[in-house]
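Have a look at the structure below before the remarks.
The values are calculated or read from the model by the stated rules, or taken from the named source; none is laboratory data. Only a predicted model underlies this, so the values are computations on that prediction, with no experimental measurement involved. In this analysis, Cβ positions are derived from the backbone assuming ideal geometry, glycine residues included, and neighbour counts consider all displayed protein chains. What goes into the accessible areas is simple: the full protein's heavy atoms, side chains included, and nothing from ligands, DNA or RNA. Shrake-Rupley method; radii C 1.70, N 1.55, O 1.52, S 1.80 Å.
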Amino acid sequence: MTVRTIRNSLAMAAMLAAGALLPASATARDEGKPGPIAVYGNIQTFEIAPVLLAAKTFYPDAATVKMGGIPNLVGEPIIAGFGEEGVADVATHAETQALRYSVKHPNLRIILQVTEGHYRIVARKSAGIASVADLKGKRVASIPQTSSGYFFHKMLAQAGLSYDDIEVVRTPGPLSEMTKALAERRVDAVIIWEPESENSARALGNDLIEFSGDGVYAEQFNLNSTAENLADPVKRKQIVRFVRAVIDAAAALRKDPAAAQALVVERGGHSVEEVQTAWKHHAFNADYPADLLDIMTEEEQWLAERDKRPARSRAQLATLIDRSVYEEALALEPTT
């Protein structure tokens, strides 16, 4: 072996030891890249803002956010006109839908609360409405099987009423039809998420009366996955890193919401005015509320009665909540 050969061999060994000639995925620079992740959620909601910002800025690899939700996790058919086909690694949805889908798919797991949605009843004073009790016999635009519908149930119950005491009006087409129906006096009240709740309030002007749900119920807009995804070491690493990214994105938007609001405008098709006006009706917590199981246990009773099925026990519902991903994410260094 010549001196040159020996020197070349030593140089090669040094470079290999430093990772200089290893594949990109094995270099120190790329050790933080967990791999691409597929995210599905309702991009027309404001609640998804931390997820959009996490995917764009904080996740250290490719993250795609497409229209969809829990159906993309569990192989359920996508509702016509709602979502895109595809398989999700994680998906957003309110806890109401996690409860509904997990009846057939007990492998669903709630891994993070992304946002609290703060609902309200938007009603017309000129319809003789001065209190929630005055909604009795009135025509109300609501979607009962959703989190906003559960909120309305809770508000009615506090007034000694139920859905049987009001006339539920299902408006066809986009949610903006609710506001149109209110403006045209075809309904007397609207219960829905933002920005349509704010649009309805603005349509009423001085005829508006609102009933806040503070202290009664707040929507739990969560990030969900499956037990199988979390048991896969590669997918779990991606999911943990994405949860960390969502936590960091939520912290960033609480300080300055401009970047997240711009993404909601772009992806959701909303106006800047809509987003800025209705933003205050959300709490972008990105954490794990201590009372989540309490909320779900009570909500399960109502959903089971509506769906005419046996209600699951608190212990059964507890299996749907997996805090371990959140705890692992908290142990990671913040994404900057």
Checklist entry - How far, in degrees from 0 to 90, does helix 3-18 lean away from the longest principal axis of the Cα atoms of the chain, to the nearest 10? => result 20
Checklist entry - In Å, what is the Rg of the alpha-carbon atoms in segment 192-336, and how long is Dmax? => result 18.5, 57
Checklist entry - Can you work out the FRET efficiency for the pair ARG314 and ALA159, with r the C-beta to C-beta distance and R0 = 25 Å, to the nearest 0.05? => result 0.40
Checklist outcome for this item: Whole-percent tail of the Cα-Cα distance distribution for the chain, cut at 38 Å, equals 23
Item to check | the chain - charge dipole about Cα centre, Lys and Arg +1 at Cβ, Asp and Glu -1, debye rounded to 20 | outcome: 660
Checklist entry - So for the chain, taking the charge dipole from beta-carbon charges (+1 Lys/Arg, -1 Asp/Glu), which of GLY35, SER176, ALA318 sits furthest toward the positive end? => result GLY35
Checklist entry - Which listed residue (HIS153, THR64, SER200) has the Cα farthest towards the positive end of the charge dipole for the chain, taking +1 on Lys and Arg C-beta and -1 on Asp and Glu C-beta about the Cα centre? => result THR64
Checklist entry - So, with +1 on the Cβ of K and R and -1 on the Cβ of D and E, and no other charges, what is the size of the charge dipole of segment 200-336 about its Cα centre, to the nearest 20 debye? => result 420
Item to check | Length-normalised contact order of the chain in % [C-alpha pairs under 8 Å, at least 6 apart] | outcome: 25
Checklist entry - With every protein chain left in place, what is the accessible area of SER147 in Å² (1.4 Å probe, nearest 10)? => result 10
Checklist outcome for this item: With all protein chains in place and a 1.4 Å probe, MET67 shows an accessible area in Å² (nearest 10) of 20
Checklist outcome for this item: Quick shape check on segment 274-332: root eigenvalues a ≥ b ≥ c of the Cα gyration tensor, a/c under 1.5 is rounded, otherwise prolate if a/b tops b/c, else oblate, and it reads oblate
Item to check | Separation of alpha-carbon centers, segment 148-224 and segment 125-145, rounded to whole Å | outcome: 9
Checklist entry - Using the reciprocal of the averaged 1/r over all distinct C-alpha pairs, how large is the Kirkwood radius of segment 157-269 in Å? => result 18.0
Item to check | Accessible area of the chain divided out per residue, in Å², using a probe of 1.4 angstrom | outcome: 46
Checklist entry - Relative to the present Cα-Cα distance, how much length would full extension add between ARG170 and GLU266 at 0.36 nm per residue of separation? => result 31.8 nm
Checklist entry - In whole Å, what are the Cα extents of segment 87-142 along the three principal axes, biggest one first? => result 48, 23, 18
Item to check | Total lysine pairs under 20 Å (Cα atoms) in the chain, excluding pairs fewer than 8 apart on one chain | outcome: 17
Item to check | Net charge of neighbours whose Cβ lies under 10 Å from the Cβ of PRO195, counting Lys and Arg as +1 and Asp and Glu as -1 | outcome: -4
Checklist outcome for this item: For segment 322-331, Karplus-derived ³J(HN,Hα) couplings (6.51, -1.76, 1.60; θ = phi - 60°; whole Hz; x for glycine and proline) come out as 10, 7, 4, 5, 4, 5, 5, 5, 4, 6
Checklist entry - Averaged over all directions, how much area does the convex hull of the C-alpha atoms of segment 100-214 cover when projected, in nm²? => result 8.1
Checklist outcome for this item: The extension gain from ALA231 to ILE78, computed as 0.36 nm times the residue separation minus the Cα-Cα distance, is 52.6 nm
Item to check | Over the chain: helical MRE at 222 nm, DSSP H runs n ≥ 4 each giving -39500 (n - 2.57), nearest 500 | outcome: -12000 deg cm²/dmol
Checklist entry - Ranked highest first by the average count of other Cβ atoms within 10 Å around their residues, in what order do 193-206, 256-269, 238-251 fall? => result 238-251, 193-206, 256-269
Next on the checklist: Going by amide H atoms built from the backbone, whose H comes under 5 Å of the H on ALA63, apart from near neighbours?
Outcome noted: ILE37
